[in-house]
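The values are calculated or read from the model by the stated rules, or taken from the named source; none is laboratory data. Just so you know, these numbers come straight off a predicted model, no measurement behind them. Here the Cβ positions follow ideal geometry from the backbone for every residue, glycine too, while neighbour counts run over all protein chains shown.
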Amino acid sequence: MAEEKKSKGAMSVAEAGRKGGERVKRERGRAFYEEIGRKGGETVARERGREFYEEIGKKGGETVKAERGAAFYEEIGKKGGETVKAERGMPFYEEIGRRGGQKVRELIEEGKRSAGTNKSEE
């Protein structure tokens, strides 16, 4: 029976799907996939909530870590950092460092004020 299908030129479901996907890609382009992906993500977020994404992200991360090891994350983090540095330059890192430092100072001051308020209430 398999030989009969081959002689008729039939293709598998996977082959048909791949062929159809390539045609859609040619005809509609990348923006189409971005749009349907965004719409699908918004629908899932509405239906399942943020916790769903946190859960599947954690499971995916654990799977990747088990398959590739912790060094994989170090490698991709370094590559990503190098890409950002090449695209945005050192001033970007200086700015985000300044912002982070400012936020830490604000949190420390807020903590001190809160601690001072609690002491006067005792």
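Could you please let me know if ALA16 is surrounded by 11 or more Cβ atoms within 10 Å (Cβ to Cβ), part of a loop (DSSP other than H, G, I, E, B) and of a type outside the set (Asp, Glu)? Criteria not met by ALA16. With respect to being out of contact with any His (no Cβ under 9 Å at 6 or more places or on another chain), modelled with pLDDT under 95 and on the phi > 0 side of the Ramachandran plot, GLY49 fits the description.
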